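The values are calculated or read from the model by the stated rules, or taken from the named source; none is laboratory data. Keep in mind the model is a prediction, meaning the values are calculated, not measured. Note: ideal-geometry Cβ built from the backbone for every residue, glycine included; neighbour counts use all protein chains shown. Surface areas here come from the heavy atoms of the whole protein model, side chains and all, with no ligands, DNA or RNA. Shrake-Rupley method; radii C 1.70, N 1.55, O 1.52, S 1.80 Å.
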Amino acid sequence: MTKNKTVINVCMGTGGMASGGAEVLQAFRAELEAADFPAIVKEHCLAHRVGCRGLCAKDVLVDVLTDGAVTTYQFIKPDMVPRIVTEHILGRTPIAEWQVGEDYKNFHHKQVKIVLSDCGKIDPEDPDDYHAVGGYGTARDVLTEWLPDEVIAEIKASGLRGRGGAGFPTGLKWELGRKARGDIKYIVCNADEGDPGAFMDRAVIEGNPHAVIEGMIIAAYAIGAHHGYVYIRAEYPLAVERLRLAIDRARRRHFLGNNIFGTIFDFDIQVKLGAGAFVCGEETALIASIEGQRGMPRPKPPFPVNKGLWQRPTVINNVETLANVPYIMRRGYRWYASHGTERSKGTKVFALTGKIKNPGLIEVPMGITLREIIEDIGGGIEGGKKLKAVQTGGPSGGCIPANMLDINVDYESLAKVGSIVGSGGMIVLDEDNCMVNMAKYFIQFTQEESCGKCVPCRIGTKRLLEIMQRITKGQGKESDLELLETLSNSIKATSLCGLGQTAPNPVLSTLKYFREEFEAHVREKKCPAKVCKDLITYSVIEDACKGCGACLRACPAGAITGEKKKPHKIDPELCVKCGACFEVCKFKSVGRD
Ligand SMILES: Cc1cc2nc3c(=O)[nH]c(=O)nc-3n(C[C@H](O)[C@H](O)[C@H](O)COP(=O)(O)O)c2cc1C
Ligand code: SF4
Ligand code: SF4
């Protein structure tokens with residue numbers, strides 16, 4: 001940031017765009033032009049599109065950088081822009097009531113940004129912007145001053161582990177890739193990101209695709225690959241567009257292609273679109289999909305690092321893993337390893353969602369406590385409700401109950417309590433969430449996404465889902481709980497790939513920590529959180545009913561009868577349990593049991 005420059009940053013990540021970021025950006029441009037801003041400012045004034053800065057709940061976020069100071073505004077709409085231009089940019093008086101508050105500052109205070117450090121600052125479509133903050137210069141230095149083995153040693157020493165879920169040491173994977181025999185090798189960036197609720201990789205690519213490209217260049221050099229692929233789901237149109245643009249522009253600047261950075265090293269990247277199947281994120285299925293075959297996993301070994309794409313040695317790394325690489329190479333392994341714990345180094349990006357005041361994208365040092373994430377960064381639970389659990393690791397992960405909030409968030413600590421760091425999904429659940437229903441949701445997801453190749457996963461997840469369905473319908477049997485455990489354990493032990501091997505985890509962890517909720521569903525035929533429709537009964541509390549008729553008018557099933565100013569009645573045979581009467585009654589006269 002330079003004095004006397006006026007810069008306006010409009011959040012244009014997916015969250016920003018969805019909240020009208022493009023219109024806000026346009027309004028700034030129009031307003032500044034109409035105001036005939038003084039020539040010097042016009043020259044310097046730059047309204048550029050920045051990627052996600054993480055606090056999507058406050059979009060559209062706008063930074064105004066003027067006179068060497070930054071002012072951040074929240075919830076900006078196009079009709080608010082004229083006032084910002086008049087009072088702040090022209091009048092030099094920031095508008096206090098539109099600025100972000102304490103919670104915005106807290107949201108950033110406990111975070112450590114490495115992967116996301118340039119997201120929200122640079123224009124993701126302009127390689128020069130990334131170049132200006134040191135980007136691509138690192139790859140050039142690596143290619144001209146480092147030997148491949150030295151690069152591998154640096155990454156090994158940094159302690160970087162794969163962020164795609166399994167946490168495999170990246171330096172070791174590269175070493176295996178380098179040693180693998182073959183004149184043609186590949187580096188593949190896994191941007192499939194299929195976990196429900198996860199958007200870390202999408203945000204990194206939307207915010208700074210250049211860091212991923214630079215990470216791939218360095219990885220390719222280290223292992224001796226000249227071809228790279230980014231496998232990205234077609235459902236991420238903005239990320240795909242920005243990635244393609246970034247690759248194209250990097251190519252024009254000779255950061256990709258033949259003799260990159262004027263060296264003898266050739267490397268180029270191709271983008272491959274995936275159709276959105278969760279299983280295609282699994283590395284062997286991903287390889288099959290790139291090769292044009294049906295995306296199905298195959299047994300390992302051989303591992304891709306020896307026999308991957310077209311039987312050639314292939315190193316597959318996650319988006320976040322690769323985006324860490326330029327920063328490690330630029331600032332050194334000691335700096336990187338100074339963040340995190342003994343065995344889990346660096347930071348991790350999480351998509352914090354669910355019943356939390358500040359949902360959004362966060363990057364935290366490994367080892368931070370779950371409490372710090374939920375209370376300090378997330379601002380606590382929405383609507384003053386009680387925290388029940390935090391689900392980490394998506395469909396392969398598990399639930400951590402509220403009484404374990406002081407647990408450290410790192411690979412080892414989460415595994416100890418039956419969950420995983422995973423790729424970074426973090427869903428906060430409160431007292432209104434039914435844990436049985438939540439586990440059913442995840443098993444339904446994996447059952448639908450099972451590729452069907454092996455029996456334990458194809459049939460086993462179907463049977464698991466059927467049991468969960470009958471429990472949530474009040475048809476569960478006492479023996480179902482034991483059956484759930486036995487079946488889950490055998491699916492885990494016998495499935496071919498990671499999808500089946502981890503699919504029962506949400507069921508097992510909820511059974512372990514929330515058994516009483518399962519028991520209430522099975523024994524009492526009750527859903528304590530009042531979520532499972534079939535276990536809820538609506539009735540009018542006669543003494544409290546004023547006969548206002550609001551419920552009668554709201555009922556879509558014609559299940560309510562009654563005269564004005566007299567207690568109404570619900571016919572349980574006609575009631576479809578939509579809950580409209582419960583919501584609409586101002587006198588709390590509709591009971592839900
Ligand atoms: C069902 C399934 C889905 C997966 N989806 C992804 C994904 O979307 N992105 C990803 O990077 N890794 C995913 N993985 C893990 C990959 O197979 C692989 O381990 C990872 O891309 C390696 O990169 P890393 O070492 O940098 O973590 C998935 C694994 C399984 C079993
Ligand atoms: S475990 Fe499931 S997803 Fe994996 S190969 Fe078997 S059927 Fe397919
Ligand atoms: S829950 Fe829905 S269907 Fe049932 S009585 Fe109330 S409004 Fe009617």
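Here are the numbers for the structure shown:
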| read-out | value |
| --- | --- |
| GLY476 vs. criteria assigned to a loop (DSSP other than H, G, I, E, B), more than 16 Å from ligand 2 (Cβ to nearest atom) and open to solvent by less than 40 Å² (accessible area, probe 1.4 Å) | yes |
| Residue within the range 321-330 that is of a type in the set (S, T, N, Q), surrounded by 23 or more Cβ atoms within 10 Å (Cβ to Cβ) and under 29 Å from the mean Cα position of the chain (by Cα) present | yes |
| Of the criteria (1) away from ligand 1 (no atom under 16 Å from the Cβ); (2) under 30 Å from ILE491 (Cβ atoms); (3) open to solvent by less than 10 Å² (accessible area, probe 1.4 Å), which one PRO395 fails | (1) |
| Residue count for the range 571-592, restricted to those that are surrounded by fewer than 18 Cβ atoms within 10 Å (Cβ to Cβ), in contact (Cβ under 8 Å) with a residue 40 or more places away in the chain and near ligand 3 (Cβ under 8 Å from one of its atoms) | 2 |
| Tally of residues being out of contact with any Gly (no Cβ under 9 Å at 6 or more places or on another chain) and in a loop (DSSP other than H, G, I, E, B) across the range 545-566 | 7 |
| Filtered residues of the range 442-466 (kept if farther than 20 Å from GLY397 by Cα and either touching a helix residue (DSSP H, G or I) at 6+ places or on another chain (Cβ under 6 Å) or within 16 Å of ligand 3 (Cβ to nearest atom) (or both)) | GLY452 |
| Lone qualifier among PRO504, PRO528 - being in contact with a Leu (Cβ under 8 Å, 6 or more places away or on another chain) and either within 30 Å of GLU583 (Cβ to Cβ) or not aliphatic (A, V, I, L, M) (or both) | PRO504 |
| From GLU517, GLU466, GLU448, GLU524, residue being within 16 Å of ligand 1 (Cβ to nearest atom) and within 30 Å of CYS575 (Cβ to Cβ) | GLU448 |
| Residue list for the range 546-570, filter: near ligand 3 (Cβ under 9 Å from one of its atoms) and open to solvent by less than 60 Å² (accessible area, probe 1.4 Å) | CYS551, ALA554, CYS555, ALA557, GLY558, ALA559, ILE560, ILE570 |
| Search result, residues across the range 140-179 that are part of a helix (DSSP H, G or I), of a type in the set (Gly, Ala, Ser) and closer than 25 Å to LEU286 by Cα | GLY171, GLY177 |
| Count - residues of the range 235-256 that are surrounded by fewer than 21 Cβ atoms within 10 Å (Cβ to Cβ) and within 14 Å of ligand 1 (Cβ to nearest atom) | 1 |
| Every residue from the range 479-492 that is in a helix (DSSP H, G or I) and without any contact (Cβ under 8 Å) to a residue 24 or more places away in the chain | GLU482, LEU483, THR486, ASN489, LYS492 |
| Some residue of the range 257-271 being within 14 Å of ligand 1 (Cβ to nearest atom) and acidic (Asp, Glu) | no |
| Residue within the range 234-255 that is of a type in the set (Phe, Trp, Tyr) and not in a loop (DSSP other than H, G, I, E, B) present | no |
| Pairs, first outside any helix (DSSP H, G or I) in the range 9-32, second of a type in the set (Lys, Arg), C-beta under 8 Å, six or more apart | ASN9/LYS121; VAL10/ARG49; CYS11/ARG53; MET12/ARG49; GLY13/ARG53; GLY20/LYS77 |
| When residues of the range 150-176 are limited to those that are among the acidic types (Asp, Glu) and free of Cβ contacts under 8 Å to residues at least 60 places away in the same chain, the one nearest to GLY194 (Cα to Cα) | GLU175 |
| ALA439 vs. criteria more than 16 Å from ligand 3 (Cβ to nearest atom), small (Gly, Ala, Ser), surrounded by fewer than 24 Cβ atoms within 10 Å (Cβ to Cβ) and within 23 Å of GLU282 (Cβ to Cβ) | no |
| Which listed residue, of ILE443, ILE459, is within 15 Å of PRO504 (Cβ to Cβ), in contact (Cβ under 8 Å) with a residue 60 or more places away in the chain and either among the aliphatic types (A, V, I, L, M) or touching a Pro at 6+ places or on another chain (Cβ under 6 Å) (or both) | ILE443 |
| Qualifying positions in the range 180-213 - open to solvent by less than 10 Å² (accessible area, probe 1.4 Å), away from ligand 1 (no atom under 16 Å from the Cβ) and not in a helix (DSSP H, G or I) | ASN208 |
| Verdict on TYR229 being open to solvent by 10 Å² or more (accessible area, probe 1.4 Å), of a type in the set (Phe, Trp, Tyr) and closer than 18 Å to GLY135 by Cβ | no |
| Search result, residues across the range 306-350 that are touching a strand residue (DSSP E or B) at 6+ places or on another chain (Cβ under 6 Å) and aliphatic (A, V, I, L, M) | LEU309, VAL315, ILE316, VAL319, LEU322, ALA337, VAL349 |
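For (1) open to solvent by less than 20 Å² (accessible area, probe 1.4 Å); (2) over 26 Å from VAL390 (Cα atoms); (3) among the β-branched types (Val, Ile, Thr); (4) within 16 Å of ligand 3 (Cβ to nearest atom), each residue gets a yes or a no:
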position: MET468; (1), (2), (3), (4): yes, no, no, no
position: THR494; (1), (2), (3), (4): no, yes, yes, no
position: GLU516; (1), (2), (3), (4): no, no, no, no
position: LYS530; (1), (2), (3), (4): no, no, no, yes
position: LYS533; (1), (2), (3), (4): no, no, no, yes
position: ASP543; (1), (2), (3), (4): no, yes, no, no
